[in-house]
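Here's the structure we're looking at; comments come further down.
The values are calculated or read from the model by the stated rules, or taken from the named source; none is laboratory data. Because the structure is a prediction, the values reported are computed rather than measured. Ideal geometry is used to build each Cβ from the backbone, glycine not excepted, and the neighbour counts take in all protein chains shown.
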Amino acid sequence: MSVLPTQINLEVRDYECDLQGIVNNAVYLNYLEHARHKQLQAIGLDFAGLHDGGLDLVVTRSEVDYLAPLKSGDQFRVESRVSLLGRVRFEFLQQILRADGLPIVKARIVGTCLVKNSRPGIPAPICKLFDAGV
């Protein structure tokens, strides 16, 4: 099952750029993570609240293709789609597009939920959000 896609709009800040004047590759991971948290909020899941309840969403695999650079002041959007991959994993398919539509990054982020810092699994309340097609 898949949840409705979301998108967020951001702008590159000066300090996110390296000596070459482009966004440092590690910063893109921050953009992607921020977008994932926003998508979780959009479907009614609070990342910190889940942790407080003994559920930790963790990344187990990241695949990132860097297609073009962003520079200071560039406006861009991060699009995210999340779906279940069986009983214990989920995946986010994400892309970063410059405001003019130029593809910047394509990513596949796979994760799971650790229940009380123990076994991986997706608890029933979270699965219900996917089943509802939020």
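I'm trying to understand the selection: among the residues of the range 21-35, which are in contact (Cβ under 8 Å) with a residue 40 or more places away in the chain and of a type outside the set (Gly, Ala, Ser)?
Answer for the range 21-35, where residues must be in contact (Cβ under 8 Å) with a residue 40 or more places away in the chain and of a type outside the set (Gly, Ala, Ser): 22, 23, 25, 28, 31, 32, 34.
Within the range 102-120, does at least one residue satisfy the condition of being modelled with pLDDT under 85 and surrounded by 15 or more Cβ atoms within 10 Å (Cβ to Cβ)? Write out each step before concluding.
Let us first name the residues in the range 102-120 that are modelled with pLDDT under 85, namely 116-119.
If we keep only those that are surrounded by 15 or more Cβ atoms within 10 Å (Cβ to Cβ) as well, we get none.
Among the residues of the range 102-120, not one is modelled with pLDDT under 85 and surrounded by 15 or more Cβ atoms within 10 Å (Cβ to Cβ), which makes the answer no.
Taking only the range 86-101 into account, find how many residues are loosely packed, with under 13 Cβ neighbours inside 10 Å and closer than 23 Å to residue 56 by Cβ.
Adding up the residues that qualify gives 2.
Taking only the range 72-93 into account, find how many residues are in a strand (DSSP E or B) and either aliphatic (A, V, I, L, M) or more than 18 Å from residue 24 (Cα to Cα) (or both).
The total comes to 11.
Hey, among the residues in the range 70-120 that are without any contact (Cβ under 8 Å) to a residue 24 or more places away in the chain and among the polar types (S, T, N, Q), which one's farthest from residue 37 (Cα to Cα)?
Across the range 70-120, the extreme among qualifying residues is 118.
Only one residue in 50, 4 is over 12 Å from the mean Cα position of the chain (by Cα), in a helix (DSSP H, G or I) and at pLDDT below 90. Which one? Before the answer, list the steps.
Values: 4 fails: in a helix (DSSP H, G or I).
Selected residue: 50, the only one of 50, 4 that is over 12 Å from the mean Cα position of the chain (by Cα), in a helix (DSSP H, G or I) and at pLDDT below 90.
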